[in-house]
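Below is one structure; the comments refer to it alone.
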Amino acid sequence: MQALENRPYDELAIGETAALTRELERLGPSGLEGDTIELQPGASAWAGLLLSHLIETQLPGLGTIILTQTLTYGRPDTPSGAITATLAVREKRSDGHVVLDFQCSDPSGAILVHGWAEVVAPREKLRRAASVSSSVKLHTPGARYWAALEKAQGLPPIRTAVVHSVDEASLRGAVEAADAGLIVPILVGPAARIAQAAEAAGLPLGAFELIDVPHSHAAAEKSVALVREGQVEALMKGALHTDELMGAVVASGSGLKTERRISHIFALDVPSYHKPLFITDAAINIYPTLDDKRDIVQNAIELCVALGIDPPKVAILSATEMVHAKISSTVEAAALCKMAERGQITGGLLDGPLAFDNAISKEAAAAKHIASSVAGDADILLAPDLESGNMIAKQLIYLAGADAAGLVLGARVPIMLTSRADGALARVASCALAQIFIRSRLSRAL
């Protein structure tokens, strides 16, 4: 086990140096020595992280207080590959302050960043065990949606009814998705309110078709009718409640129901997880039955397969990995696995019951001696019910910094179902998922 040992003020010498070399990666949880650090996109993130890491672990090391730092960049973008960072002691002051020169270079020796920092050096010798990391991973919010957006490039846009698009978020999402070639928006709602919202946000809507209806109920009903008439290929939720839109979707005789149970799928970009994570159902089915769960799983599998995740790994969640008669979700998990073995669920690898930690952590699964290709590497998490699924998703969003797109499947067309609090990124990513799913379904039918 390696150890960290600091250089107290009295031991430091002018000209003393410390250095490290790290690989910069664009995706994944960021940090050094296993620490997770949320970073905003931009050039300053990687250099500032390396500087702080060198100061806090090597020179002067443990117990150092960073007062100020100044960095100058030789190039505007974030480089990739091996970066060598170097610190040197320039000045020692009588008050315990130390000035350090800093620079980063690439393998050719070219200086990428230079600067300096002023710190308060520790007075006492400190030592602790340390692990070693060879990489700095920088996570850009929404980065795992890039694969979906790239996959959507070149596909024909889908005609989409944007339901009750009377606020900036839904209009901006529609405009940006249209600019990306994902959808052809048909705005359905009160024309005056849509125009007012667009003007306030500075969004041009001149090229978009607009269908004027008096209120949100009428917008939902008209949008569903457009699907039934073959005028649109998908629906996108605007500034109305989910129940209002879904009420029109499931209406007997005039809705969009099929033989398949309708379900919602969260597509999450979680900075601390190693790949996209899909959670279902967290918005539609409150207490799904075993038969409901079969359809919910199948919907999520088909979305993942359309995205190129083949076969997706499905973790069926409960409070434990053991089957207990008094915990119905464990019994249903075991039944779903058997249904997959018998061909009642196709296209995915299922395992369950699994507790949340076993589903997403290989270390937790190994500690409990769970031998499974799914445990610790799940693509899809099937929640026992809506309450638990919604809480898992919202915790990842608000505590782990996840970005969330959302899609409803099982109806005649996919529905981009995002929260009214979601921004344009979630809406655009949802459009990409819907476009890929529709085009994949059409190509399989040919």
(request) Could you identify the single residue in 68, 36, 78 that is assigned by TED's automatic domain parsing to the domain that holds residue 118 and either at pLDDT 85 or above or not polar (S, T, N, Q) (or both)? (result) 68
(message) I'm checking my understanding of the structure. Among residues of region 153-165 that are crowded, with 23+ Cβ neighbours inside 10 Å and not in a strand (DSSP E or B), which one is modelled with the highest pLDDT?
(response) 164
(message) Out of 365, 333, 359, I need the residue that is crowded, with 17+ Cβ neighbours inside 10 Å, free of Cβ contacts under 8 Å to residues at least 12 places away in the same chain and not in a strand (DSSP E or B). Which one?
(response) 365
(request) Would you mention how many residues in region 222-245 are surrounded by 21 or more Cβ atoms within 10 Å (Cβ to Cβ) and free of Cβ contacts under 8 Å to residues at least 60 places away in the same chain? (result) 1
(request) Kindly provide the set of residues from region 93-105 that are crowded, with 17+ Cβ neighbours inside 10 Å and either in contact (Cβ under 8 Å) with a residue 24 or more places away in the chain or farther than 24 Å from residue 22 by Cα (or both), ordered by number. (result) 98, 100, 102, 104
(message) For residue 372, only one of the following conditions fails: (1) over 18 Å from residue 291 (Cβ atoms); (2) out of contact with any Asp or Glu (no Cβ under 6 Å at 6 or more places or on another chain); (3) not in a helix (DSSP H, G or I). What is its number?
(response) (2)
(request) Run residue 174 past the list (1) in a helix (DSSP H, G or I); (2) touching a helix residue (DSSP H, G or I) at 6+ places or on another chain (Cβ under 6 Å); (3) surrounded by 20 or more Cβ atoms within 10 Å (Cβ to Cβ) and report the number of the one that doesn't hold. (result) (2)
(request) Determine the pairs where a residue that is under 14 Å from residue 61 (Cβ atoms), located within region 2-19, has a partner that is of a type in the set (Asp, Glu) and loosely packed, with under 14 Cβ neighbours inside 10 Å with Cβ atoms under 7 Å apart, the partner being 6 or more residues away or on another chain. (result) 8/124
(request) Please find, within region 113-144, the residue that is modelled with the highest pLDDT out of those that are within 30 Å of residue 425 (Cβ to Cβ) and touching an Asp or Glu at 6+ places or on another chain (Cβ under 6 Å). (result) 144
(message) Can you pull out every residue in region 81-113 that is of a type in the set (Asp, Glu) and in a loop (DSSP other than H, G, I, E, B)?
(response) 95, 106
(message) Of the residues 225, 220, 251, 267, only one is at pLDDT below 95, small (Gly, Ala, Ser) and more than 28 Å from residue 379 (Cα to Cα); which?
(response) 251
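The values are calculated or read from the model by the stated rules, or taken from the named source; none is laboratory data. Computed from a predicted model, the values in this text were never measured in an experiment. Every residue, glycine as well, gets a Cβ built from its backbone with ideal geometry; the counts of neighbours run over all protein chains shown.
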